[in-house]
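Reviewing the structure listed below.
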Amino acid sequence: MADLHILRHHSLGLHEARKVAFRWAEQVEEEFQMACTYEEGRSLDEVCFTRSGVSGTLHVTKDKFELNAKLGFLLGAFKARIESEIVKNLDDLLVMDLANVTAAAKKRASKNK
């Protein structure tokens, strides 16, 4: 069995991070046929995901995403590829959301002038 641990820091705050996590869950459900459940908390959200040969959690806070997953024997052989795909998906969503937050802040600033 292979373990994955991915940590990404961000400065989005919990509200915006939640949006990213929802989109991530939707992506893995569609692309990898994962079953995901999302549980919101006060300062920590948890996305649990599973499918045959994979199970794990994505913890979402105001300043980080922390993914832990266990790959079964067969998928363990593809650990590097699976990890790079997860990292790419999460990083793409973070970059996209950070750009949206920055654009919205600039728009608000220009209105207040």
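The values are calculated or read from the model by the stated rules, or taken from the named source; none is laboratory data. Quick caveat, the model's predicted, so the values are computed rather than measured. The protein model used for the area step is the full one, side chains on, heavy atoms only, and it has no ligands, DNA or RNA in it. Shrake-Rupley method; radii C 1.70, N 1.55, O 1.52, S 1.80 Å.
(1) 15.2, 45; (2) 15.6, 50; (3) 15.5, 59: which one is Rg and Dmax of the Cα atoms in Å as calculated from this entry?
(3)
Using a 1.4 angstrom probe, figure out how much accessible area the chain has per residue, in square angstrom, rounded to the nearest whole. Don't jump to the answer; show the numbers that get you there.
Working: 7190 Å² over 113 residues.
Here the residues of the chain average 64 Å² of exposed surface.
For ARG18 and VAL87 in the same chain, what is the full-extension length gain: residue separation times 0.36 nm, less their Cα-Cα distance, in nm? Write down the numbers at each step before the final one.
On the way: separation 69, 0.36 × 69 = 24.84 nm, distance 1.72 nm.
Going from the current span to full extension adds 23.1 nm.
Under 19 Å Cα to Cα from LYS62, which aspartates and glutamates show up? Leave out anything in the same chain fewer than 8 places away.
LYS62 reaches GLU16, GLU39, GLU40, ASP45, GLU46, ASP91, ASP92, ASP97.
With a 1.4 Å probe and every protein chain kept in, tell me what percent of the accessible surface of the chain is carbon plus sulfur.
The C+S portion of the solvent-accessible surface of the chain is 56 percent.
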